[in-house]
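Below: the structure, in structure tokens.
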Amino acid sequence: MSSTVVITGNEAAATAAKLARVQVVAAYPITPQSSVVETLSRWVESGELAAEFVTVESEHSALTVCLAASTVGARTFTATSSNGLAYMTEQVWWTAGARLPVVMGCVNRSLAAPWNVLNDQQDSMSVRDSGWIQLYCRDNQEILDTFLQAFRIAEELSLPVMVCYDGFLLSHTVMPVHVPSAEEADAFLPPRPAGLQIVDLNDPRNIGPVTLADPRRDASGVLHGGYMEIRHAHQQALAEALDVIPAVDAEFADVFRRSWGGLTWEHRLEDAEVVLVAAGSLGMELTLAADELRGEGIRAGVLGIRAYRPFPVEHLCGKLVGRTLAIVFDKALSYGYGGPICTDLRAALSGREKMPTVFGTITGLGGRDVTAAQLAEEARAAISDAEAGMSQRRTVWVNLQDVAADGKTMCGVRE
Amino acid sequence: MSTKILDLPTTEYMLPGNRACAGCAIGIGLRSITKALDGKMVLVNPASCLTVLGGMYPVSSMRIPWINVSFPSTAAAAAGVVAGLRAQGRADEMTVLAMAGDGGTGDIGIQALSGAAERNDDFIYMCYDNEAYMNTGTQRSGLTPHGARTTTTSRGKKENPKDLPRIMEAHGIPYIASTSAVYPTDVYDKMVKARGIKGLRYLHMNVPCPNGWGFDPKDTVKLGKLAVETGLVALYEIDGGIFRLTDRSAMLAAGGKPLVPVAEFFATQARFKSLPPQSVADVQTWVDRRWKEYVSRHQAE
């Protein structure tokens, strides 16, 4: 029977994995991810979840177990954060390149050094080019629902899906969450298709061997694509995801009466001149800022990024055509350049007509608190710059505080 | 009771023709291994010489399912295959064999292997030891013998190799064996025995490498056997904690004959050329001590 419970984001993630009837779970502890797999481990030990739980010795092995189990046909799940994701990066690429439908939670946390366990989105943004689908969630209900959708998307496209949500802000914060019954979940998410079970003694194959750049013939003379054709097919599958992600969300809405918008979500966007853009829970904070600006007569709205990879270029252009200004709030940085979402958005709009000026900001690194008031204040400053005729602007750091007189004391601890 | 060479099964799982170097001993070992597992197996293999033997997409040199994985991940991947098969009720269909080289096992892969051994995951792990990173052009590994010249030890390696079977023994796994690819029945019998045991089973197989060691490809079997005659390579197994020398090594121990001096083995290969006499003496001392330990641990049937 379905029910509404008050749970954390991590419990919502674990609950989704259970409802998905995952067959193999492997994970290594890291804050703030740990309670996802602690919960799953408990359910496996109590018999509540019929799955293999592999207690690996590292994140590298955690994703390896999942990708290998996925190769032989099992539905698999893992979750990590921060340096854990960095450590498994080799396998992040391997999973995507091998086209395995692994679903992984990334509980967004900043990367060391220096040590910091709090939230930003630097970890998942750092692996954005690896060929995974990346979906960002704004609250605990969306976490549960997105994981259920993720298995459908992953298995339909033979692509791994990373479900990203903000560490502590969501992972450890309780909210009311509607939990579907097992029957409801089964109806939406049937068992993994048997066609993906490719290890077969009667049809032995050499899976993932050395592959040259150019096409080659097999022993029967049939021509097969080389590395380049395989990569092209991967890119095409990601392009297809731009249709599959909203379609799965729409089907989910039919069953559960909840929609998350598919590729993006919005708040008071319809007549907005100024658009505030972000991924994850920061978008919810932006809705408060937009409301504050509306109270001052500024036509502000929010465009939330749900699918960051594939990046929904045409969709975003459609949403932004005719607006005056878009202000992107990135919780990550491509060091030596700018915010990842801002950079991608600028590139997406480049050369198109009737597109807004795009200003980028960096905010919330390492868990730095940022309030709706601060976000609104930054939006006012950006609007003022735009009204003064500025079309290009350096990336602004929101709520950066002036502390060291010499500006040189960075992370060494002084007595 | 050991199998006679004429009694080995005749079914072949290796197709005629592969991409391995001339004289590579991996193929000799793999024939025995696949026969011992009746082809009812899935091979998990990281970047290594074995990958080269397997062939390039879309051609395979083997008639068995084969999963290529990344360099450090062999043991974890095998654990994942086991978990995936078990979750689907397919675990009894096939044996999972992880097979990696000395670098992929003793260096970059040792963390995942140690984790799998601690969990006693249910698969066979074989390290085929050609004593350096041969696939990438002969750089030293943690298992390269003292004195051997490689492209990263141009004056000869200064350290003794890691004793991997002993490291695995410290994990308390149910079955450990050391063998050589050029003794097909020893490989076969140990693999058959390993197949019948649950948990993590570790086999270490010496594999002479003409290119990396610097000898004529026609001499692979001769050199592999000479390595055993010197005691540099010992054939043994540790079954449920009971240590036993096997095959030729058991005969050498029983005969009480002196071993062939390592200098004679060294003289056959370019990698040991112009080795200072002191290095040869150091290796001889090391071999003698180790052989004495093997003989004293040996519990003949």
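The values are calculated or read from the model by the stated rules, or taken from the named source; none is laboratory data. It should be emphasised that the depicted structure is a prediction, and the values quoted were computed from it without experimental measurement. For neighbour counting, all protein chains shown are included, and Cβ atoms are generated from backbone atoms with ideal geometry for every residue, glycine included. The area values use the complete protein model at the heavy-atom level, side chains included, leaving out ligands, DNA and RNA. Shrake-Rupley method; radii C 1.70, N 1.55, O 1.52, S 1.80 Å.
Residue selection: A:Val56 satisfies the criterion of being within 11 Å of chain B (Cβ to nearest Cβ) and part of a loop (DSSP other than H, G, I, E, B). Looking only at residues of segment A:201-235 that are at pLDDT below 95 and more than 7 Å from chain B (Cβ to nearest Cβ), we find that the one that is least open to solvent (accessible area, probe 1.4 Å) is A:Asp203. Screening A:Cys317 against (1) open to solvent by less than 30 Å² (accessible area, probe 1.4 Å); (2) assigned to a helix (DSSP H, G or I); (3) over 24 Å from A:Asp243 (Cα atoms) leaves a single unmet condition, (3). Among what's in segment A:89-129 and is among the aromatic types (Phe, Trp, Tyr) and not in a loop (DSSP other than H, G, I, E, B), pick the residue that is surrounded by the fewest Cβ atoms within 10 Å (Cβ to Cβ). Ranking the candidates gives A:Trp93 first. The residues of segment B:28-68 that are within 7 Å of another protein chain (Cβ to nearest Cβ), assigned to a loop (DSSP other than H, G, I, E, B) and open to solvent by 10 Å² or more (accessible area, probe 1.4 Å), listed by number, are B:Lys40, B:Met56, B:Tyr57, B:Pro58, B:Val59, B:Ser60, B:Arg63.
Scan segment B:260-274 for residues that are open to solvent by 30 Å² or more (accessible area, probe 1.4 Å), over 12 Å from B:Gly214 (Cα atoms) and modelled with pLDDT of 95 or more and the total you get is 4. If you go through segment B:275-297 and keep only what is surrounded by 14 or more Cβ atoms within 10 Å (Cβ to Cβ) and of a type in the set (A, V, I, L, M), you end up with B:Leu275, B:Val280, B:Val283, B:Val287, B:Val295.
Before we move on, is A:Leu63 open to solvent by less than 30 Å² (accessible area, probe 1.4 Å), touching a residue at least 40 places away in the same chain (Cβ under 8 Å) and within 14 Å of chain B (Cβ to nearest Cβ)? Taking the combined requirement at face value, the residue satisfies it. The number of residues in segment A:28-48 that are assigned to a loop (DSSP other than H, G, I, E, B) and either open to solvent by less than 10 Å² (accessible area, probe 1.4 Å) or away from every other protein chain (no Cβ under 12 Å) (or both) comes to 7. Taken together, the residues in segment A:327-348 that are without any contact (Cβ under 8 Å) to a residue 12 or more places away in the chain and either part of a helix (DSSP H, G or I) or open to solvent by less than 10 Å² (accessible area, probe 1.4 Å) (or both) amount to 1. Just so you know, in segment B:69-128 the residues that are more than 7 Å from chain A (Cβ to nearest Cβ) and in a loop (DSSP other than H, G, I, E, B) include one that is surrounded by the fewest Cβ atoms within 10 Å (Cβ to Cβ), and it is B:Gly89.
The residues of segment A:77-88 that are away from chain B (no Cβ under 11 Å) and open to solvent by less than 40 Å² (accessible area, probe 1.4 Å), listed by number, are A:Phe77, A:Ala79, A:Thr80, A:Ser81, A:Ser82, A:Gly84, A:Leu85.
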